[in-house]
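One structure below.
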Number of protein chains: 2
Amino acid sequence: MKIEPRTLPGFMELLPNEQIKFNNMMEKIKKSYEKFGFLPIDTPIIEMADVLLAKAGGETEKQIYRFNKGENDLALRFDLTVPLAKYVCEYYNDLSFPFKRYQIGKVYRGERPQKGRYREFYQCDIDIIGDGELSIINDAQMCLVIYNTIKEIGFDNFTIKINNRKLLNGLFSQLDLNNKSVEVLRIIDKIEKIGKENVIKCLKDLNIEDKKINEIIEFIEIKGTTDEKLEKLKNLNFEDELFNTGIEELEQVVNCIKIFDIPNSNFMVDLTIARGLDYYTGTVYETFLNDYRELGSICSGGRYDNLAEFYTDKKLPGVGVSIGLTRLFSKLSELNILNEKEQAISKVLVVSITDNINIAFDVANKIREAGINTDIYLENKKIKAKFKYADRLKIPYVAIIGEEEEKNRTVTLKNMETGEQKELNLDDAIDILKN
Amino acid sequence: MKIEPRTLPGFMELLPNEQIKFNNMMEKIKKSYEKFGFLPIDTPIIEMADVLLAKAGGETEKQIYRFNKGENDLALRFDLTVPLAKYVCEYYNDLSFPFKRYQIGKVYRGERPQKGRYREFYQCDIDIIGDGELSIINDAQMCLVIYNTIKEIGFDNFTIKINNRKLLNGLFSQLDLNNKSVEVLRIIDKIEKIGKENVIKCLKDLNIEDKKINEIIEFIEIKGTTDEKLEKLKNLNFEDELFNTGIEELEQVVNCIKIFDIPNSNFMVDLTIARGLDYYTGTVYETFLNDYRELGSICSGGRYDNLAEFYTDKKLPGVGVSIGLTRLFSKLSELNILNEKEQAISKVLVVSITDNINIAFDVANKIREAGINTDIYLENKKIKAKFKYADRLKIPYVAIIGEEEEKNRTVTLKNMETGEQKELNLDDAIDILKN
């Protein structure tokens, strides 16, 4: 009896042409992170459950893949931040601070599968961890990295939106809503999705007075340019230390960003940005593709005071952002806006139409020595099948070797897109392939 | 109460300097596979247990990480071959054959942890899958890929050893040992580890007559050059069809390899190579670093008639090899023979010794635009701490910007290895960094 080969729902599995595009996108993100000096780490996918769940709870705990093996209570990582916290504590003495690390890897959440939601997905994270303290300039630098990375992926029309949690928390403190701040932040965070009316409704459900709700809405709706917003925030004259630190930090970050020559069109202060996670304590980021707002934020993160408070008394402040690559890729793929040119591994397929494979191998090896990825077709099939293979793999050139070419020590190079073909000596063919 | 941050035994976790070396090795393998036109795929780490275990049994089944989530019986992949079989069947109609794929990813085996054994480790696999048939030339091509890949990793003194299962199976058939062939293959496979005397002992334990044992030992001990061995095999005049097909195939593979200009010193026929896995049916490969024989085979594989017989009636013959990267890296690291130059992500650390970060950021960005990975030190620390950071991260250069440099629009570039430093205009500094 045969077993039906099948893949679990919620697990992305791509055909090679799509996988190549996916890998190219991942490679661009990686290269961009490395351009800024972030160091790679690679933590296990399986961890002790108590280590992974030290601070989790609620939804996370429900979604986790957790199981026993022997006497061990194990779990699959659900993000790359908890493993980073573990890593920094475990190797604290061997690391140099600020510790700038990137990690690109799969994480697991056993959610109910639905369109656009994955149970296994790649996160591409960068974080900068300070030992005791970490300059606010790093918060601005994060914007520079986001800016460069999204440009590298191939987009120009995007906006990095920043805010500072201290502003919202300062406001809540003013309104005597400290004990509801986590819930209120989560509700505000959804304004883009659910709209203002629903935000008001949700706040009412929390038994917040209308007057306070109005103040919150008025606050997050403060309009104007980045400079005007900062000016209006100052003019509120809140006598709240946290709030005023928030203004100061936001202003410092904005000033740095101006120095970095990030275009105004790619950056703004948005007071509605709250982020759902409760560990952010300062700057928060979201990034939107303006032509594809339906994707939601494609690169988000923030500043936190204590990376690893569940493991250590050491103060380890940090700032980081994450790109949810699997979801991003799947959405862009759906929208059909991925670069179609990036679908082949090989630049050329070498095809012999004689029985003599020596020369074909020799040609293939010489092309490879020039640094060009080269496939060779070895099966005894009709020439049509060989071209079909190149066509389906989107290999841009076929190098044909027949009796004539063997005699002349040449190849006939066919451009698969234009159909043009030409007999060339190998060096000239290699020059074209290098183009 | 704090949770102790800890990593499970048997799971490799590296410090950044080591991780960089590891990633470089992985990148070289990947680039080499792509050079030959292999296509990337990326299958889930979690699969349905019945799919993953369709053909497993014995040790594999005991070592597997298996668990329930909701109503699903799940398991973590223990190799990349079973997922390949699943993938090829699932997407059969969308793939082009021969399907040449590579996959580099983590696999899981819950073994008792011991030195050099990992529960989570990377495999770097290539396979070529035919639809119905697959030319024997692919078996030779596999040697070419192994040869190039091991060279790329940085070794010259290695030997690819090949054999053909049909020879051993033909011999067993001659000796009327067909029903014990799997066990005998496994025993012979261990000869390198346990020695000839123990092989004889194990064969005796299987109740094989001394005469037959002698014939087996005589056979696997056939000596000489590759050509002499082939000659001696032919002179045995076994009238066994399987055996004679084996000789033919081995000869074809050897002839191709000669055409490929793989040096004689990097290749040999070795009749003791059996491979433990029972699905190989033809050519088998092992690869040894001659200066580090204690590592065992670092790249192994073989030809199989049916990749996916547990899922489909389609005949899908293939040939593939695998590098166990985690184990290889860990052994090479232990032996201290990894390239020490490959330990940094950044080529240069930009350090400002004034309060003016604008120019430092401007310099860093200009260096990055030249394609050079560049870190910048932003914390308000003493200059000594900044140099220590560069030193610990093995960053080869530091670009210092003080008042003098700000005024002159220059940087002082310090070579961290020689200690040499020089004030340069930025373009000249970039030229040196590009070197």
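From least to most packed, judged by other beta carbons within 10 angstrom and beginning with the fewest, B:D127, A:D427, B:D305, B:D362 follow the order A:D427, B:D305, B:D362, B:D127. Distances between copies of B:A385, taken at a point 7 Å out from Cα along the Cα→Cβ vector and listed shortest first: 6.9 nm.
Relative to the Cα centre, the charge distribution of the protein assembly as shown, modelled as +1 at Lys and Arg Cβ and -1 at Asp and Glu Cβ, gives a dipole magnitude of about 800 debye. Kirkwood hydrodynamic radius of region A:206-260, from the reciprocal of the average inverse Cα-Cα distance over all distinct pairs: 12.6 Å.
Over all pairs of different C-alpha atoms in the protein assembly as shown, the reciprocal of the mean inverse distance, the Kirkwood hydrodynamic radius, equals 30.1 Å. A simple spin-label model places the labels of A:I383 and A:S265 5.1 nm from each other, with each point 7 Å out along Cα-to-Cβ.
Test of understanding: extend the Cα→C-beta vector of A:S333 to 7 Å, then name every residue of region B:48-92 with backbone N under 20 Å from that spot. Within reach of a label on A:S333: B:48, B:83-92. Take each residue of peptide A:371-382, count the partner chain Cβ atoms within 10 Å of its Cβ, and average: the result is 5. Phi angles across region B:150-159 convert, under the Karplus curve 6.51 cos²θ - 1.76 cosθ + 1.60 with θ = phi - 60°, into 3J(HN,Hα) values of 5, 4, 4, 5, x, 10, 10, 8, 9, 10 Hz, Gly and Pro given as x. This model, with +1 at the C-beta of Lys and Arg and -1 at the C-beta of Asp and Glu, gives region A:348-434 a dipole about its Cα centre of some 420 debye.
Label region A:308-403 by shape, choosing from rounded, prolate and oblate, from the square roots a ≥ b ≥ c of the eigenvalues of the Cα gyration tensor; if a/c is under 1.5 it is rounded, and otherwise prolate applies when a/b is larger than b/c, oblate when it is not. Please report the intermediate quantities before stating the final value.
Working: a/c = 4.42, a/b = 2.45, b/c = 1.80.
Since a/c reaches 1.5 and a/b is larger than b/c, the shape of region A:308-403 is classed as prolate.
Taken residue by residue and averaged, Cβ atoms of other chains lying within 10 Å of the Cβ of B:26-37 number 4. Working from Cα positions, state the angle (0 to 90°, nearest 10) between the long axis of helix A:241-259 and the longest principal axis of chain A. The two axes meet at around 30 degrees.
Under 1.5 on a/c is rounded, so check that first for region B:161-259, then, if it is not, pick prolate when a/b is larger than b/c and oblate when it is not; a ≥ b ≥ c are the square roots of the alpha carbon gyration tensor eigenvalues. Taking the square roots of the gyration eigenvalues as a ≥ b ≥ c, region B:161-259 is prolate.
Exposure proxy shown here: for B:C202, A:C256, the number of other Cβ atoms within 10 Å sets the order, fewest to most, as B:C202, A:C256.
Normalised by 2.2 N^0.38 Å, where N is the number of residues, the C-alpha radius of gyration of region A:53-204 stands at 1.28. From the Kirkwood radius over Cα pairs of region A:284-329, Stokes-Einstein at 4 °C and 1.567 mPa s returns a whole-number translational diffusion coefficient of 105 µm²/s. In order along region B:190-197, the phi-based Karplus estimate (6.51 cos²θ - 1.76 cosθ + 1.60, θ = phi - 60°) of 3J(HN,Hα) comes to 8, 4, 4, 7, 9, x, 4, 4 Hz; Gly and Pro are listed as x. Listed by chain and number, the aspartates and glutamates placed with their C-alpha closer than 13 angstrom to that of B:K193 are B:E294; residues fewer than eight positions away on the same chain are left out.
Can you tell me how region A:21-112 classifies by the Cα gyration tensor, rounded, prolate or oblate, using a/c under 1.5 as the rounded cut? It comes out oblate by the Cα gyration axes. Using a 7 Å projection from Cα along Cα-to-Cβ, the label point at A:E221 is separated from the same position in the remaining copies by 9.4 nm, smallest value first. Bridges between two residues of the protein assembly as shown, per DSSP, are antiparallel at a rate of about 75%. Compactness of region A:181-235 is given as radius of gyration and Dmax, 12.2, 34 Å, from Cα positions.
Taking only the Cα atoms of region A:348-434, the ratio Rg/Rh comes out at 0.91, with Rh defined as the Kirkwood radius.
Peptide B:208-217 has a mean of 0 when you count, residue by residue, the C-beta atoms of other protein chains within 10 Å of its C-beta.
Each 20 Å bin, from zero up to the one with the longest distance, holds this percent of the alpha carbon pairs of chain B: 21, 45, 25, 9, 0. Counting only DSSP beta bridges with both residues in chain B, the antiparallel share comes to about 75 percent. Extent along the principal axes, Cα only, for region B:160-202: 28, 25, 13 Å, with the longest axis given first.
Over 27 Å between Cα atoms: which of B:K151/B:K180; A:K86/A:K190; A:K35/A:K258 fall into that group? Violating the 27 Å limit, Cα to Cα: B:K151/B:K180; A:K86/A:K190. Farthest towards the positive end of the charge dipole of region A:203-348, among the residues A:Y279, A:V321, A:Y304, is the Cα of A:V321, using unit charges on the Cβ of Lys, Arg, Asp and Glu. Calculated mean residue ellipticity at 222 nm for the protein assembly as shown: -12000 deg cm²/dmol, from DSSP H runs with n ≥ 4 weighted as -39500 (n - 2.57), summed, divided by the residue count and rounded to 500. Structure remark: mean-square fluctuation, Gaussian network model of chain B, C-alpha springs under 10 Å; the largest value among B:D156, B:D240, B:D261 belongs to B:D261.
For the peptides A:409-416, A:38-45, B:380-387, the ranking by packing is A:38-45, A:409-416, B:380-387, with the highest mean count of neighbouring Cβ atoms within 10 Å listed first.
Each reported figure results from applying straightforward, stated rules to the coordinates on display, with no laboratory input. All figures in this text were calculated on a predicted structure; none of them were measured in a lab. No Cβ is skipped: glycine too gets one built from the backbone with ideal geometry, and neighbour counts run over all protein chains shown.
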